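Read the structure below first, then the notes.
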Amino acid sequence: MKKLNDVCVIDDDHIFIYGIKRLMKEANFGDDILVYENGKEALNGLRLHSETGKKLPSIIFLDLNMPIMNGWEFLEDLCKINASELDDTVVYIISSSVDPRDLVRIKDYPIVKDYILKPVTANDLEVIQKEKVA
Amino acid sequence: MESLVISSFIKDYPASVVIVNSEMQIIDHSKLWLKELQNTNQSSIGLPLYELINYTSEEFSKCCEECLQGGEITKVIQKLNNPGVNTQWLEWTISPWKEYPGKNNGLIIVKNDITETKRKEELLLKAKSIARIGGWEVDLVANTVHWTQVTKEIHEVPMDYIPNLEEGINFYKEGADRNKITNLVSDAIKDGVPWDTELRIITGKGKELWVRAKGEVEIINNKVVRLYGTFQDIDEKKRVELKYEEVSDRLLIATKVASIGIWDYNIVENTLVWDDNMYALYALKKEDFSGVVEAWESTVHPEDIKPTQEILELAIKGEIEFNTEFRVVWPNGEVRYIKAIAHVIRDSKGEAIKMIGANWDFSKDKMAEKKLKNLLDITSEQNNSLMNFAHIVSHNLRSHSSNLSMLTGFFVEEKDNDEKDRLTKMLCEASESLEETVQHLTEVVQVKTDAIDKMRPVNLYKSIKGVEKNLVVLLKEKNTICKIDVGKNLQINAIPAYIDSILLNLFTNSLKYSSPERSLAIKISAESIGQYTIVTFSDNGLGIDLKRHGDKIFGMYKTFHKHEDAKGIGLFITKNQIESMNGKIEVDSQVDKGTEFQLFFEAIND
């Protein structure tokens, strides 16, 4: 199976970061994963990434509840990036929130592919991988 | 010669006169006679009268015959129904003439057209009959009573009925009515006082009827000799009037009890009339104002005058119904809510001529409505915050529990001991976080359930000093300068534990988010304005970008700084605590300049 090297995780919970990294490794996602602790860090990081001529990650796992800049604010700013650069990028929201208003709100962002409720499982990653490769 | 003079005199006589001999042949006549009867200038002398005029009645010929036979002067009224022309009334005065005493030689006949008089008389009779006005007369000398036809009709007695004074009075309804007429009649006889009254009679057929009885007196030699007057059937009018009186009495009682003011606006004459209730509604004295418009404008809330006048104009134009409300400011400053409805009355051309309206005070309803709306707002706000709270709780518990389940999953499968140690550490961390979250939730729930009756006077200065003392080490560490500008005796109405908690939170926030570039300065001041004592708590720390975070600053689990102790719970609890003490909190902040909180507490006014 083809490896997905360009994956980005944005979450302030380091236990979750540990967990998803470990699951991705087991699912053969590869170890080259960009990690940011909040939306602002991620935006800065991704901008730098793009300025050095690298492609933006094809998968972004995004938490909603983060200090400084939360997931929604990140999405707002992400959408302002040149659309062609985002052609190959999809966002998966990974959150503990079961608030129906959040589920409605993701529909405003076409870049968001799905909403995954924590805890994330090996099975979730497998599905994502299949979707991406297919 | 004499005959000629007489003849010439008759010719020019200014009436229609004809002289006939015993054979009823015309021997002379006035010019007017000829003109009226024949309409020719030819003399009709010598012609028989009956040949010349063919419309005389039998009564006329009979009278002429009698007169010629030695009768006296007679008058005959004749009604002529000329086809195509209005009815004509003629009055013939037939008088004999004689050359020698004894035998009558002929007749002098004067014709008089009395159509006009007769018509007036007829009209009067008709009018009297239609108006049901009868006449009556009491001759106190001859002791006779006369009633006209209409009077009899009103009494429902036969036309041949002959009344007397006592019987006449007995037609009046027994009791107040009969007593009254008895008094009036006896006063009239005794003192010559006329009367005009409205009373009830019981007719010959037993019907109760309202009549208007007018009486006049004729006095001769200081003695009343005759009573006469009119008698009118006013039953229908009177009953309508009484009914109206009853209704308007009822309405008056109703409007008075319900405090409904009625106004009446004559659009044509531009006059406005208020009933007494209106003045009461506006708490005004009628005598203080020259006009109603002035009174209205002096009392209506200035903001409501123009809109109400606009509605009035639109209502007069017929574009809308006049159904509105406005505020009035009573002379004592109290604001009341007035509900106003009105109906526009129009003439046959649709022009508005009059407007009748009602006003009533619905302040109570308005207050209830306001209170209800307020309650609804509070309820929906609470509902909303409860919902948010539930989602926050669910989110936070879930994030820890999902970490725990994920970690245990790894732990079970993990073979590597170093990795196992790492997992154990993280498991401990996750369970600590869970415990902390539960602790926060407990605090929040406590705020919500703490009773308001725990509020009592709290010395603000002492509270601030107490908290400052507890934080003395931390404050010193940052070289903090605290400027406390609060009266030593200032008291606020609050829950003491909350005040400590709120102050502690604000102090620690200032400490946590102080600028690394300058030493921390905290300023606390207080002032009492109306029902509130406003405490201003400001620092020169990092500040918060309010444009970006303004709506979330008091939210639960919102943090805006990357700080190891940022939990996003403090201000949420602070806000809840202040609100549960009937206060409020406001914030102003500039990034890298500092933050200023304004805390509103219930003031204690001496």
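Here are the numbers for this structure:
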{"read-out": "Chain lengthening between B:Thr424 and B:Lys371 when straightened (0.36 nm per residue, less Cα-Cα)", "value": "13.4 nm"}
{"read-out": "Helix-only mean residue ellipticity at 222 nm for the protein assembly as shown, each DSSP H run of n ≥ 4 adding -39500 (n - 2.57), per residue, nearest 500", "value": "-13500 deg cm²/dmol"}
{"read-out": "Within the stretch B:188-296, GluC sites (Glu not before Pro) in DSSP loop having at most 16 other beta-carbon neighbours inside 10 Å", "value": "B:Glu269"}
{"read-out": "The stretch B:255-337: trypsin sites (Lys or Arg not before Pro) in DSSP coil with no more than 16 other Cβ atoms inside 10 Å", "value": "B:Lys285"}
{"read-out": "Net length gained if the chain between B:Phe411 and B:Lys120 were fully extended (0.36 nm per residue, minus Cα distance)", "value": "91.9 nm"}
{"read-out": "Distance in nm between pseudo-label sites at B:Glu287 and B:Glu579 (7 Å out along the Cβ direction from Cα)", "value": "5.6 nm"}
{"read-out": "Sequence of B:Asp365, B:Asp233, A:Asp11 when ordered by accessible area, the most exposed leading, probe 1.4 angstrom", "value": "B:Asp365, B:Asp233, A:Asp11"}
{"read-out": "Radius, Kirkwood style, for the protein assembly as shown when every pair of distinct Cα atoms is counted (Å)", "value": "39.3 Å"}
{"read-out": "30 Å Cα-Cα reach of B:Lys415 towards lysines, excluding residues that sit fewer than 8 places from it in its own chain", "value": "A:Lys2, A:Lys3, A:Lys21, A:Lys25, A:Lys118, A:Lys130, B:Lys425"}
{"read-out": "Cα→Cβ-extended label distance, 7 Å offset, between B:Asp592 and B:Ser528, nm", "value": "4.3 nm"}
{"read-out": "Listed pairs A:Lys107/B:Lys547; B:Lys152/B:Lys205; B:Lys207/B:Lys238 exceeding 18 Å between Cα atoms", "value": "A:Lys107/B:Lys547"}
{"read-out": "With Cα atoms, 0 to 90° folded angle of helix B:460-470 axis to chain B main axis", "value": "20 degrees"}
{"read-out": "Point-to-point label distance, B:Leu32-B:Ala352, nm (Cα→Cβ direction, 7 Å offset)", "value": "6.3 nm"}
{"read-out": "Heavy atoms of B:Val157 accessible to a 1.4 Å probe, total area in Å² rounded to 10", "value": "20 Å²"}
{"read-out": "Accessible heavy-atom area order of B:Arg548, B:Arg422, highest first, probe of 1.4 Å", "value": "B:Arg422, B:Arg548"}
{"read-out": "Listed residues A:Leu48, A:Leu56, A:Leu86, most fluctuating in chain A (Gaussian network, C-alpha, under 10 Å)", "value": "A:Leu48"}
{"read-out": "All lysines inside 22 Å of B:Lys223 as judged from Cα atoms, apart from same-chain residues fewer than 8 positions distant", "value": "B:Lys190, B:Lys214"}
{"read-out": "Accessible-area ranking of B:Arg456, B:Arg119, B:Arg226, largest first, probe 1.4 Å", "value": "B:Arg456, B:Arg119, B:Arg226"}
{"read-out": "FRET efficiency estimate (nearest 0.05) - Cβ-Cβ, A:Cys79 to A:Glu26, R0 22 angstrom", "value": "0.10"}
{"read-out": "Extension gain, B:Val240 back to B:Lys454 (0.36 nm per residue minus Cα-Cα distance, nm)", "value": "70.1 nm"}
{"read-out": "Calculated FRET value between B:Ile130 and B:Phe9, using beta carbons and R₀ = 51 Å, to 0.05", "value": "0.60"}
{"read-out": "Other protein chain Cβ atoms within 10 Å, averaged over every residue that makes up B:394-404", "value": "6"}
{"read-out": "Crossing angle, helix B:2-11 versus chain B [Cα axis fit, 0-90 degrees, rounded to tens]", "value": "20 degrees"}
{"read-out": "Chain B: angle of helix B:363-413 to the longest principal axis, Cα-based, in degrees nearest 10", "value": "30 degrees"}
{"read-out": "Using a Förster distance of 45 Å, the FRET efficiency for B:Asn270-B:Asn383 (Cβ separation, nearest 0.05)", "value": "0.25"}
{"read-out": "Anchor B:Lys575: aspartates and glutamates whose Cα lies under 17 Å away (excluding residues fewer than 8 positions away in-chain)", "value": "B:Glu381, B:Glu443, B:Asp450, B:Asp500, B:Asp551, B:Glu586, B:Asp588, B:Glu596, B:Glu602"}
{"read-out": "Highest to lowest packing among A:115-127, A:98-110, scored as the average C-beta count within 10 Å", "value": "A:115-127, A:98-110"}
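The values are calculated or read from the model by the stated rules, or taken from the named source; none is laboratory data. As the structure is a prediction and not an experimental result, all values here were calculated from the model. For neighbour counting, all protein chains shown are included, and Cβ atoms are generated from backbone atoms with ideal geometry for every residue, glycine included. Just the protein is used for accessible areas: all its heavy atoms, side chains included, with ligands, DNA and RNA removed. Shrake-Rupley method; radii C 1.70, N 1.55, O 1.52, S 1.80 Å.
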